[in-house]
Amino acid sequence: MLQTLRNAWATPELRRKLLYTLLIVIIYRIGGAVPVPYLDAAVLKTWFEQQDASGNVFSYLNVLSGDNFSKGTLMALSVSPYINAQIIIQLLTYALPPLEKLAKEGMEGRKKLDKVTKYTALGISIFQAWAYYVTLKNIKTGSALMYDTPNTFAKIFSEIVIIMCFTAGSFLTIWLGNQISEKGIGNGISMLLFAGIIARIPTDIIRDVGYMRTDDTKFKILVPLLYVIYVFMIALIVFMNAAERRIPIAYAKRVVGRKQYGGQNTYLPVKVSMAGVLPIIFAMAFMSLPSTLRLFHEPKPGGVFEWILDKFNYTHPVYGILYFILIIAFNYFYISMQYNPLEIANNLRQSNGAIPGIRPGKPTEEYLKRVLSKITLLGAFFLGLIALFPIIFGATTGLPVAMGGTSILIVVSVALETARTMESQMMMRHHKGFLE
């Protein structure tokens with residue numbers, strides 16, 4: 001990867017794209033330092049330190065934003081509204097005929113879907129900004145809202161300003177991401193998400209070093225062990241990201257005029273980690289809802305609602321079991337919508353292709369379903385272990401894991417995808433022409 005980056009830097013056009021991407025990332029990080037009016041950053045910091053391992057949606061948003069969410073800055077919502085909007089529209093594309101029709105209309109249809117996604121992101125941004133405001137208003141350790149006046153108009157005005165700032169920051173993030181996609185390197189939204197997670201690494205390292213400096217001897221062993229596990233986890237993610245099942249395909253020979261077509265042997269690649277990090281995001285959003293509701297309404301002590309919420313605590317075994325099951329379920333659900341064995345079987349039959357030893361048509365479809373089911377289960381178990389690692393390690397050792405497996409999965413996946421993008425662009429620019 002370092003060699004790829006060095007070669008890309010040696011190409012003038014790619015060097016300009018890399019510098020442009022770096023400039024946009026710097027602007028994004030500067031926006032993350034701009035405070036939102038009427039918010040007390042000191043109270044926010046204290047409250048988030050208490051909420052860091054609670055498993056609610058705000059802790060997750062703080063990871064995605066690179067600590068901007070806990071600081072209450074302009075970029076607090078970061079890319080999360082747009083990611084949620086993309087997931088929702090992508091799922092609705094397979095459920096609603098009008099959106100499915102737009103998806104099949106080529107470039108113009110995709111442009112319309114992008115507009116629908118942006119409008120959906122606007123609605124999600126406003127809702128998340130309002131939910132954030134309500135949560136800050138209900139903080140019991142001290143008010144994070146910097147106004148103390150009986151004037152109703154002043155309170156309403158400050159609420160509108162806070163919500164508008166968070167919403168504007170979210171759309172500024174989307175615009176910056178689109179600029180990277182158009183003029184920079186890689187997917188812009190993924191790059192900003194990558195930058196937000198990377199920005200947390202120095203803080204996490206300082207935190208772990210602080211554990212090692214305590215009088216507890218076990219931390220002097222557990223912290224280095226944790227980073228060794230990180231290295232093995234990165235290697236596993238790289239391996240699983242490239243792992244695929246290759247189904248052999250043989251094409252029959254056919255003669256058209258004096259020319260012979262077909263007679264080739266190839267393969268159909270099926271990636272093991274086809275869904276990426278999306279099943280974890282789905283499961284995490286679902287599992288964080290109960291603990292998030294607690295921020296809006298505190299249950300009565302000893303009640304049924306409190307008993308249910310306790311089971312959804314981040315460190316409770318029930319939470320881990322349900323989390324793992326949901327990751328597997330969402331992985332199957334997402335891949336079933338993305339990969340259609342019936343369509344593949346029909347395309348193979350129309351192109352005179354077949355899997356050796358499997359008859360075309362229905363037998364081919366059933367064979368693809370069996371293979372896909374096994375591959376999906378393997379990929380789901382991989383995602384589940386990655387997601388549950390911080391919970392299991394923290395519960396067994398007592399050492400809080402600052403950077404979870406999900407964050408590492410996102411960082412490694414984006415880095416590999418960006419490297420592939422640079423390699424493809426360099427290959428295109430160094431390809432020899434017919435006249436050379």
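Results, tabulated for the structure shown:
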| item | result |
| --- | --- |
| Cα principal axis extents for the stretch 295-436, largest first, Å | 76, 45, 31 |
| Calculated FRET value between SER351 and LYS311, using beta carbons and R₀ = 56 Å, to 0.05 | 0.60 |
| Helix-only [θ]222 nm of the chain, DSSP H runs n ≥ 4, -39500 (n - 2.57) each, per residue, nearest 500 | -24000 deg cm²/dmol |
| Which labelled figure in (i) 1.01; (ii) 0.93; (iii) 0.98 is Rg/Rh (Cα atoms, Kirkwood Rh), once derived from the coordinates | (i) |
| Whole-percent pair-distance distribution, where bins are 5 Å wide, for the alpha carbons of the stretch 1-202 | 1, 7, 13, 17, 16, 14, 12, 9, 6, 3, 1, 0, 0 |
| Estimated FRET transfer efficiency (VAL238, PHE333; beta-carbon r; R0 25 Å; 0.05) | 0.45 |
| Calculated over the stretch 216-402: convex hull of Cα atoms, volume per residue (Å³) | 159 |
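Every number in this text was worked out from the coordinates using simple rules, so none of it is lab data. Remember, it's a predicted structure, so these values are computed and weren't measured experimentally. For neighbour counting, all protein chains shown are included, and Cβ atoms are generated from backbone atoms with ideal geometry for every residue, glycine included.
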